[in-house]
Amino acid sequence: MDPCVIYKNRILKHILSKVYFFSELKKGILLIGIISVVLGVLAYQSAMEQIDEIMKIIRDSRAGAGQQRYSREEIQLMNDDAEVTLMFARGFLGFAVLMVFYSLYDDIVKIVRRGK
């Protein structure tokens, strides 16, 4: 057999193994992305529940219902913590969506090209 053909076959096998590995890597990224989206949604929901609870505490204290349990500083601290949680959840959710989009980008391009 010709040495050039053997060399070309080796190169082709090497390239195909890299492409296969890359597709497996994208499947892993897709799985991590989907799990991250779920965790991001749960974190976002938790932050929104914290903010709702803080708003209820503020409404109750303004209405004079019951004894005031928290000082202004404590309410402000709780509000700041909830805002930080909300910002983290938004960032994490956005990053997770980008991961999913990245892992599906090649498939999306193929579908768009078929449509034309």
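The values are calculated or read from the model by the stated rules, or taken from the named source; none is laboratory data. Predicted, not measured: the structure shown is a model, and the values here were computed from it. Note that each Cβ is placed from the backbone with ideal geometry, even for glycine, and that neighbours are counted across all protein chains shown.
Report the residue count in the stretch 39-83 for those that are within 30 Å of MET99 (Cβ to Cβ) and not β-branched (Val, Ile, Thr).
Of the stretch 39-83, the ones within 30 Å of MET99 (Cβ to Cβ) are 39-52, 80-83.
Narrowing the set further to residues that are not β-branched (Val, Ile, Thr) leaves 39-40, 42-50, 52, 80-83.
Of the residues in the stretch 39-83, 16 are within 30 Å of MET99 (Cβ to Cβ) and not β-branched (Val, Ile, Thr).
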Next item on the list: Report the residue count in the stretch 86-110 for those that are closer than 12 Å to GLY40 by Cα and modelled with pLDDT under 90.
Entry: 0
Note to self: Quick check on ARG113: is it at pLDDT below 80, in a helix (DSSP H, G or I) and basic (Lys, Arg)?
What the structure shows: no
Next item on the list: Determine, yes or no, whether MET99 is in contact (Cβ under 8 Å) with a residue 60 or more places away in the chain and on the phi < 0 side of the Ramachandran plot.
Entry: yes
